[in-house]
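Below is one structure, written out as structure tokens; comments come after it.
The values are calculated or read from the model by the stated rules, or taken from the named source; none is laboratory data. These numbers were taken from a predicted model, which means no experiment stands behind them. Methodologically, a virtual Cβ is constructed for each residue, glycine included, from the backbone with ideal geometry; neighbour enumeration extends over all protein chains shown.
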Amino acid sequence: MNPTLEIHKGKIAKNAEAVLNLCRGRGIEPAAVIKGYNAIDDVTDVIVEAGYKTLSSSRLPHLRAVKRRGYRAASLMLRLPMLSEIREVVEVCDASLNSEAETLARLDAEASQQGKRHGVILMRDLGDLREGIIDSPRLIELACRTERCHKNLDLLGIGSNLSCYGSVMPTCQNLSLLADDAAEIEREIGRKLDVVSGGESTSLQLLLRNEMPGGINHLRIGGAIMLRAEFSGLREGEMPDVTDDTLILKVEIIEIGEKPTHPIGVLGVDCFGNKKTFEDRGVRRRALAAIGAFDVGSHEKLVPLDENMKILGCSSDHMIIDIHDCARRYALGDIAEFKLLYQAMLYATANPMVSKVVID
């Protein structure tokens with residue numbers, strides 16, 4: 001059988017509700033990020049039913065699907081718009097994240113052309129060094145110019161991205177800088193901003209510790225809705241209703257045998273050009289599974305359900321698994337099962353060669 005991804009809607013619903021309740025209980029309105037699971041309709045249905053008011057993605061086809069499905073939710077473009085896609089962004093999205101003056105001017109002109117208004121959230125770089133304006137005065141200046149000069153744009157607010165590139169964690173200290181910028185912009189334009197967006201799933205730990213600074217009222221949450229592992233720093237007993245088994249990957253075993261654990265011969269690089277090292281553990285029982293990097297990106301982003309199974313590595317189409325210590329005596333044709341971490345979810349949900357089975 002093809003590698004098969006089981007999508008457990010009931011468990012996703014519980015996760016979605018738990019995250020929504022956590023956020024709203026602390027005065028935060030979360031936007032649901034639908035990119036991580038490739039905007040699969042059955043999953044988005046569950047998230048909308050849970051009560052999320054905004055659906056967001058960095059991919060326009062995902063947001064076009066939101067419009068096609070007729071959800072009663074706003075659509076938010078997460079990646080800064082390319083100049084080449086301005087028309088489609090205004091056509092498909094209610095709002096977008098932005099940091100460039102020229103892009104804002106183009107959005108304003110296109111919104112006028114289409115007879116629409118388009119919401120914008122200006123991004124501030126707090127040190128993670130991905131998108132956003134890194135100095136506060138320039139952010140405030142651009143916000144004021146957007147408010148006063150772009151008649152077809154609605155300045156919804158400001159936001160920041162953390163953890164994604166530079167691995168800078170959200171803290172009360174760095175998010176307080178964002179809240180201070182928002183307060184200054186509000187003084188300048190004479191009104192409250194609707195959105196002060198303090199990051200993504202990694203910011204949830206601040207809510208759990210009651211360390212989120214005042215003034216932050218919005219987060220963009222994707223991974224934590226699907227995977228408990230996306231809750232950074234989760235402690236024992238916290239968020240008991242959030243699970244990691246919302247998605248289960250099932251893979252058929254195509255070879256079983258005993259082999260050495262150290263390759264035999266002169267070593268070069270693997271199929272991806274990587275130079276590797278191996279620990280010689282003698283001869284052990286192992287299996288080949290019919291899946292590889294083509295399907296899940298990195299084997300390190302899979303977690304075997306059998307706790308005695310160990311993934312040794314993969315090529316593009318094969319995964320090598322140590323089953324020597326497994327209590328179960330695996331046989332040819334048996335199915336190995338895995339939970340997914342974020343990167344594996346990205347790949348597996350987007351790959352048409354991984355079959356999808358939705359379970360209520």
Answer residue from region 245-291, given it is under 21 Å from Phe338 (Cα atoms) and assigned to a loop (DSSP other than H, G, I, E, B) and is farthest from the chain's Cα centre (by Cα) among those:
Ala290
What number of residues within region 323-339 satisfy the criterion of being under 34 Å from the mean Cα position of the chain (by Cα) and aliphatic (A, V, I, L, M)?
3
Of all helices (runs of 4 or more DSSP H) completely enclosed by region 151-244, which ones contain at least 1 residues that are modelled with pLDDT of 95 or more and under 21 Å from Tyr342 (Cα atoms)?
204-208, 223-226
If you go through region 292-314 one residue at a time, how many are touching an Asp or Glu at 6+ places or on another chain (Cβ under 9 Å), assigned to a loop (DSSP other than H, G, I, E, B) and over 18 Å from Gly257 (Cα atoms)?
3
Residue check: is Glu49 under 18 Å from the mean Cα position of the chain (by Cα), surrounded by fewer than 23 Cβ atoms within 10 Å (Cβ to Cβ) and touching a residue at least 12 places away in the same chain (Cβ under 8 Å)?
no
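Of Gly297, Gly282, Gly265, Gly223, which residue is in contact (Cβ under 8 Å) with a residue 24 or more places away in the chain and on the phi > 0 side of the Ramachandran plot? Steps first, answer last, please.
Numbers: Gly282 fails: in contact (Cβ under 8 Å) with a residue 24 or more places away in the chain; Gly265 fails: in contact (Cβ under 8 Å) with a residue 24 or more places away in the chain; Gly223 fails: on the phi > 0 side of the Ramachandran plot.
None of the others qualify; the one that does is Gly297.
Could you grab me the full set of residues in region 24-46 that are within 18 Å of the chain's Cα centre (by Cα) and farther than 24 Å from Ile359 by Cα?
Selection gives Glu29, Pro30, Ala31.
State the number of residues belonging to region 21-39 that are over 13 Å from Gly223 (Cα atoms) and crowded, with 19+ Cβ neighbours inside 10 Å.
3
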What tally of residues in region 152-177 results from selecting those that are more than 22 Å from the chain's Cα centre (by Cα) and under 16 Å from Val195 (Cβ atoms)?
4
Is there a residue being exposed (fewer than 15 other Cβ atoms within 10 Å of the Cβ), touching a Lys or Arg at 6+ places or on another chain (Cβ under 8 Å) and under 30 Å from Met353 (Cα atoms) anywhere in region 250-257?
yes
Of the residues that sit in region 340-360 and are farther than 18 Å from Lys9 by Cβ and surrounded by 13 or more Cβ atoms within 10 Å (Cβ to Cβ), which one is farthest from the chain's Cα centre (by Cα)?
Asn351
Scan region 57-66 and tell me whether some residue there is assigned to a strand (DSSP E or B), surrounded by 17 or more Cβ atoms within 10 Å (Cβ to Cβ) and modelled with pLDDT of 95 or more.
yes
Only one residue in Asp295, Asp306 is in the same structural domain as Asn274 (by TED's automatic domain parsing), within 20 Å of Met1 (Cβ to Cβ), acidic (Asp, Glu) and crowded, with 18+ Cβ neighbours inside 10 Å. Which one?
Asp295
